[in-house]
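See structure below.
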Amino acid sequence: MFIGLLLEGAGFFYLKREKHLFRASGWIFLGIYWPTLSPGFIAIGDFTNTFFCIAALPFFFYLAFHEFLSYRTGEEHRGLKFIAGAAFLAGFPYFIIDRIPIVAGTLISIVAGQSVWLFNGITGSTFTADPVNYFGNSLWYKTDLVHEIGALVPQANIRIILACTAIQSILIAFGVVMASRSHLRNKEKALLLNIPTIYLLNLVRNAGVIYLTYYNITDFETAHNYIGKGGSLIALIILLFITFEIMPELYDDIASLANLPKRFTRLRKSL
């Protein structure tokens, strides 16, 4: 995984023709890596993530194929460069955080404390968050990939884990914004819009899940998986449309990926 992401980064920043080979190799590494996670998801009955892990193999190999076409023809496709840059800028820092427990644990502790503080402010309660449970992992590298380190809110029996910190959404926003061809000033505006908004809305979501569960308004699965995630999805869609207004080039970068099948038809005549 890390080799694949580093190759994507090299292909994004490198200027010479070999950049396409870096990116193609990176997609091959990532295409091989993700399906190896599917048995773990099958074991816990998570068939949605199982599907996406398996689907990563043909999808990433397809991107690798187009990078080989770019190397053969010398043509730069803006969508391919964009997605390689976004993968590196979002994925590499995220998995560094995920694989170093002391970094992930510090972030979890901060978000758990702030989520409980918000809940207490709304309800007048005195809830607390326990210290982070590292499940025997070294503080410097995660060796237990089964148990999620996290901080328990004992009064509600809810555990805050890395996924509850919104770091995934924040880094995806950072990656796609910075990988775009837009002007730096517009990128700065988009990041100032997205990052604080995502972080604050996530605290509201966490506090809301605790509230809905503790007061028996609904069960945890409904509160977390449907109400919480549904609200987050709506907010992210709204932020995406506002970001498109700030950075129209971002829309073009994403939309250009849909032209890859037509690109192959056009380029194969010249091969």
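The values are calculated or read from the model by the stated rules, or taken from the named source; none is laboratory data. Just so we're clear, the structure is a prediction, and the values are computed from it rather than from any experiment. No Cβ is skipped: glycine too gets one built from the backbone with ideal geometry, and neighbour counts run over all protein chains shown.
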Of the residues in segment 233-270, those that are free of Cβ contacts under 8 Å to residues at least 60 places away in the same chain and among the polar types (S, T, N, Q) come to 265
Are there any pairs, at least 6 apart or on different chains, whose C-beta atoms fall under 6 Å, with the first in segment 43-57 and assigned by TED's automatic domain parsing to the domain that holds residue 221 and outside any helix (DSSP H, G or I) and the second among the charged types (D, E, K, R) and crowded, with 16+ Cβ neighbours inside 10 Å, and if so, which? none
Could you grab me the full set of residues in segment 159-199 that are touching a Phe, Trp or Tyr at 6+ places or on another chain (Cβ under 7 Å), touching a residue at least 60 places away in the same chain (Cβ under 8 Å) and among the β-branched types (Val, Ile, Thr)? 167
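Specify which of the listed residues (5, 37) is in a helix (DSSP H, G or I) and at pLDDT 90 or above.
Unique residue meeting the criteria: 5.
Would you call residue 205 at pLDDT 90 or above, farther than 20 Å from residue 88 by Cβ and part of a helix (DSSP H, G or I)? Break it down into steps so the answer makes sense when it comes.
Details: at pLDDT 90 or above: yes; farther than 20 Å from residue 88 by Cβ: yes; part of a helix (DSSP H, G or I): yes.
It is true that residue 205 is at pLDDT 90 or above, farther than 20 Å from residue 88 by Cβ and part of a helix (DSSP H, G or I).
Take the conditions of a type in the set (Asp, Glu), assigned to a helix (DSSP H, G or I) and either crowded, with 20+ Cβ neighbours inside 10 Å or without any contact (Cβ under 8 Å) to a residue 40 or more places away in the chain (or both) and apply them to residue 76. Does it pass? Show your work before the answer.
Numbers: of a type in the set (Asp, Glu): yes; assigned to a helix (DSSP H, G or I): no; either crowded, with 20+ Cβ neighbours inside 10 Å or without any contact (Cβ under 8 Å) to a residue 40 or more places away in the chain (or both): yes.
When the stated conditions are applied, residue 76 does not pass them.
Quick check, is residue 110 over 30 Å from residue 45 (Cα atoms) and exposed (fewer than 15 other Cβ atoms within 10 Å of the Cβ)? Write out each step before concluding.
Values: over 30 Å from residue 45 (Cα atoms): yes; exposed (fewer than 15 other Cβ atoms within 10 Å of the Cβ): yes.
Here the answer is yes, as residue 110 does meet what is asked.
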Can you tell me which residue among 95, 82, 68 is of a type in the set (Phe, Trp, Tyr), buried (at least 22 other Cβ atoms within 10 Å of the Cβ), part of a helix (DSSP H, G or I) and in contact (Cβ under 8 Å) with a residue 12 or more places away in the chain? 82
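Among the residues of segment 214-229, are any basic (Lys, Arg) and either surrounded by 15 or more Cβ atoms within 10 Å (Cβ to Cβ) or not in a helix (DSSP H, G or I) (or both)?
no
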Which one of the conditions (1) aliphatic (A, V, I, L, M); (2) in contact (Cβ under 8 Å) with a residue 24 or more places away in the chain; (3) outside any loop (DSSP other than H, G, I, E, B) does residue 145 fail to meet, given that it meets all the rest? (3)
Considering only segment 120-131, I want to know if a residue exists there that is assigned to a loop (DSSP other than H, G, I, E, B), in contact with a Phe, Trp or Tyr (Cβ under 6 Å, 6 or more places away or on another chain), surrounded by fewer than 15 Cβ atoms within 10 Å (Cβ to Cβ) and in the same structural domain as residue 214 (by TED's automatic domain parsing). no
Which pairs turn up if I take residues in segment 218-232 that are over 16 Å from residue 163 (Cβ atoms) and look for partners that are at pLDDT 80 or above and not basic (Lys, Arg) with beta carbon separation below 6 Å, at least 6 apart in sequence or on another chain? 218/212
Mind checking which residues of segment 138-186 are crowded, with 21+ Cβ neighbours inside 10 Å and more than 22 Å from the chain's Cα centre (by Cα)? 153, 158
